[in-house]
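The values are calculated or read from the model by the stated rules, or taken from the named source; none is laboratory data. Owing to the predicted nature of the structure, the values given are computational and were not obtained by experimental measurement. Here the Cβ is made from the backbone with ideal geometry for all residues, glycine too, and neighbour counts use every protein chain on show. Areas reflect the complete protein model, heavy atoms only, side chains present, ligands, DNA and RNA absent. Shrake-Rupley method; radii C 1.70, N 1.55, O 1.52, S 1.80 Å.
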Amino acid sequence: MLAQLKADYPDDLRVVYRHFPLISIHDKALLATVAAEAAGRQGRFWEMHDLIFIRQAEWTPFSLENFKTWLVGQAEALGMDGEKFLADIESQELYDFAQKAFNAAVQAGIPGAPFLLINGRIYTGPTDYANLSVIIKLYALQNRQYKTCPPMVVDPSREYRATVSTEKGDIVIELLPENAPLAVNNFVYLAQDGFYDGITFHRVFPGYIAQTGDPSGTGFGGPGYAFVREDNGLQFDRAGVVAMETELNGSQFFITYDPLPSLNGSYSIFGYVVTGFDVLEKLTARDPGSGLNLPPGDIITAVIIEER
């Protein structure tokens, strides 16, 4: 899984590994640690590490001597010099290194393995690919975020239209600066700064809403700030209502497919779709809460603002 994460996020993930051989409960833990380090001296650390982990049920019943013989055979199968590998796994230097790793982990209070630190913080959540990839995306998002809310760039007395260009076509939105000056200003500022370029529609429920505005594509990301919800009395009384996502009132917004009176009074409405309803119908359905193997979200290629 780590190899897949590194392959998928080469610019955002660096793995730093530390041994914690559980020598108090596994009689061959020390030798297994030594073997990985010995393989590392021949450029095969992760190959040996992963092999030992994956085939643990095979070697667990072995005696120490038989385990050592097995390890040498695996090293040679991986293209290593068997004699050098044997000499290294019998060296006191590597045994001292492994023992020191165990002592350091105990002194640090690490309760067991695997134990994850992510950017210096203890992580105790799920360790599957989906959850870890979300964390990587959210940390990477910090490089795109702002420190403060944007300055006022719109004139509430003027008219503004936004053309949201997607892979499936254009969606044109009439913005409502008189009714929702904060939301419209925020949207215009982010659009003109290129914030929405390359973002996907990460949550699409046909007949309900299509949601976008999160650069991480996880549904948890935003621009790094939030602003207050504007209660302007507008209603979800038609298809094509454009509103801010309340809990992350920063960059995420959604467009309705049908009238949704149950949403009235809960979200800042700041625009209406005037053309592009056919494009909305073409957006790929996605439910991020359904787990893995989601289809790719449709990409916003650009958002162009027209002031009149």
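Things to note:
- Some residue of the range 168-185 being touching a residue at least 40 places away in the same chain (Cβ under 8 Å), out of contact with any Pro (no Cβ under 6 Å at 6 or more places or on another chain), of a type in the set (G, A, S) and surrounded by fewer than 16 Cβ atoms within 10 Å (Cβ to Cβ): yes
- Among the residues of the range 138-162, the ones that are in a loop (DSSP other than H, G, I, E, B), over 28 Å from the mean Cα position of the chain (by Cα) and not β-branched (V, I, T) come to 7 in all.
- Restricting the range 1-17 to residues that are over 14 Å from D50 (Cα atoms) and outside any helix (DSSP H, G or I), the residue that is most open to solvent (accessible area, probe 1.4 Å): R14
- Any hit, the range 80-91, residues being outside any loop (DSSP other than H, G, I, E, B) and among the acidic types (D, E): yes
- Restricting the first member to the range 12-25 and to residues that are within 15 Å of I136 (Cα to Cα) and free of Cβ contacts under 8 Å to residues at least 40 places away in the same chain, and the second to residues that are among the basic types (K, R) and open to solvent by 50 Å² or more (accessible area, probe 1.4 Å), the beta-carbon pairs closer than 8 Å and six or more apart or on different chains are V15/K6.
- Residues of the range 275-298 that are open to solvent by less than 60 Å² (accessible area, probe 1.4 Å) and touching a residue at least 40 places away in the same chain (Cβ under 8 Å): G276, V279, L280, L283, T284, A285, R286, P288, G291, G297, D298.
- Qualifying residue in the range 82-92 (condition: among the small types (G, A, S), within 24 Å of L117 (Cα to Cα), without any contact (Cβ under 8 Å) to a residue 60 or more places away in the chain and out of contact with any Ser or Thr (no Cβ under 7 Å at 6 or more places or on another chain)): no
- Selection count, the range 272-308, where residues are farther than 17 Å from I173 by Cα and hydroxyl-bearing (S, T, Y): 2
- Within the range 186-217, considering residues that are outside any loop (DSSP other than H, G, I, E, B) and farther than 15 Å from T284 by Cα, the one most open to solvent (accessible area, probe 1.4 Å): Q192
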